[in-house]
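**Student:** Sharing a structure, written as structure tokens. Questions coming.
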């Protein structure tokens, strides 16, 4: 009986520890998962989708490829660096490709909080030529846990 109770407690703990919260923006056919529940907040544009809580924020801006530089469109890696620099991020470092999307790349950086402290930030670019758009995505790790942001970045997928 003790073994059964222990197994149940471990199972519940595992479910809580590895909980995934799916987020999908059907209008622009993109989805990702978070390890924490995020709430959608009102943005100033219909082409920006924002979700956050006290620990994390994920913002997706959809841009026409006509608004991006040629280098940005031809190289998601160059686009991610360009985006991070334009946004004033600091200590920009090479991140990598996104496993489920061929035309995507991210960089890891630091951004400054209102109190002046630095927190990890990810700039992610996805080029979707068939739709004529680029996704400019930022993941802010207010909790200072870069691994949380990396899990989110690597979970991105395009939908049909």
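**Student:** Which peptide among 38-48, 140-150, 111-121 comes first, and what is the full order, when sorted by highest mean count of other Cβ atoms within 10 Å?
**Tutor:** Going by the mean number of other Cβ atoms within 10 Å, highest first, we get 140-150, 111-121, 38-48.
**Student:** Considering the Cα positions of the chain, please state its Rg to one decimal place and its Dmax as a whole number of Å.
**Tutor:** Values for the chain (Cα only, Rg and Dmax): 17.3, 66 Å.
**Student:** Follow-up question, since we're still on this one. Taking the chain as a Gaussian network, Cα atoms linked when under 10 Å apart, which of 56, 124, 65 shows the biggest mean-square fluctuation?
**Tutor:** 65
**Student:** Shifting gears a bit: So what is the relative contact order of the chain, in percent, for Cα pairs below 8 Å that sit 6 or more residues apart?
**Tutor:** 22 percent
**Student:** Now for a separate question. Is it possible to state the helix-based mean residue ellipticity at 222 nm for the chain, with each DSSP H run of 4+ residues giving -39500 (n - 2.57), the sum divided by total residues, to the nearest 500 deg cm²/dmol? What is it?
**Tutor:** -8000 deg cm²/dmol, from helical runs alone.
**Student:** What order, most packed first, do the peptides 87-95, 129-137 have when packing is the mean number of other Cβ atoms within 10 Å of each residue?
**Tutor:** Packing order, densest peptide first, comes out as 129-137, 87-95.
**Student:** In degrees between 0 and 90, to the nearest 10, how far off the longest principal axis of the chain does helix 76-86 point, with axes built from Cα atoms?
**Tutor:** So the helix axis and the longest Cα principal axis differ by about 80 degrees.
**Student:** In degrees, nearest 10, range 0 to 90: what is the angle between the Cα axis of helix 146-155 and the longest Cα principal axis of the chain?
**Tutor:** 70 degrees
**Student:** On a 0 to 90° scale, report how tilted helix 2-17 is relative to the longest principal axis of the chain, with both axes built from alpha carbons and the result rounded to the nearest 10.
**Tutor:** 20 degrees
Readers should treat all values here as calculations from the given coordinates under stated rules, not as data from a laboratory. Computed from a predicted model, the values in this text were never measured in an experiment. Heads up, the Cβs are rebuilt from the backbone with ideal geometry, glycines too, and the neighbour counts pull from every protein chain shown.
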